[in-house]
């Protein structure tokens, strides 16, 4: 079920990102079907569709990074401490936080579209804004808050030992808390969707891998700082070219 949700989210995002459908597929589904998919990328889609796109995006990107934590909880279902329903509630709580983030990000994208600051596919049209987002994300890599959140993401068993709550409602509470912790890790990197494109599947895939690896206890520590330097350097270069 867990990976089924992730797979469905990626498949739907792929369908929504299509702008030039294959003629054979167009014959099967019809031109109007594909035209409606293409309209999902623009202002004409409206806030609800943009919000749905962001919701699918966070499910597709953040659930894989949550997999080690979900597995740790799942391992506890072999004891009396947890159960399958609790695992579902844990995931619901986690996703609820990211859906809240999606609501805010979708509102930002909708307003940016209205004022012509981003393209119909969610790419920032301002080099200065791109530079600011890159530098912000790079600088946040070195923050104490990010490090504190990462330390909990990298040790899910220790998290459960220190914050355990019994029952399904307890699992929901832990999921909400874990969602906030994860948001504390990744919000700045997720904002880079406006640099890479909110409908850019290549960016989504790369960002998912980076965020997942960064949360691994053995490899993550070798990713955080280099990624920060890379983002800051990219932001400075982008800003300099924008000014020249």
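Below, the figures for the structure above:
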item: Hey, residue 112 touching a strand residue (DSSP E or B) at 6+ places or on another chain (Cβ under 9 Å), on the phi < 0 side of the Ramachandran plot, part of a helix (DSSP H, G or I) and crowded, with 17+ Cβ neighbours inside 10 Å or not; result: yes
item: Residues (assigned to a helix (DSSP H, G or I), modelled with pLDDT under 90 and surrounded by 15 or more Cβ atoms within 10 Å (Cβ to Cβ)) located in segment 60-84; result: 74, 76
item: Output for segment 192-213, where each listed residue is part of a helix (DSSP H, G or I) and under 18 Å from residue 112 (Cα atoms); result: 193, 194, 195, 196
item: When residues of segment 153-166 are limited to those that are in contact (Cβ under 8 Å) with a residue 40 or more places away in the chain and not in a helix (DSSP H, G or I), the one surrounded by the most Cβ atoms within 10 Å (Cβ to Cβ); result: 154
item: Single residue of 231, 169, 189, 216 found to be in a helix (DSSP H, G or I), more than 14 Å from the chain's Cα centre (by Cα) and surrounded by 15 or more Cβ atoms within 10 Å (Cβ to Cβ); result: 231
item: Qualifying position, being in contact (Cβ under 8 Å) with a residue 60 or more places away in the chain, farther than 18 Å from residue 69 by Cβ, assigned to a helix (DSSP H, G or I) and out of contact with any strand residue (DSSP E or B) (no Cβ under 6 Å at 6 or more places or on another chain), among 134, 183; result: 134
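The values are calculated or read from the model by the stated rules, or taken from the named source; none is laboratory data. Computed from a predicted model, the values in this text were never measured in an experiment. Heads up, the Cβs are rebuilt from the backbone with ideal geometry, glycines too, and the neighbour counts pull from every protein chain shown.
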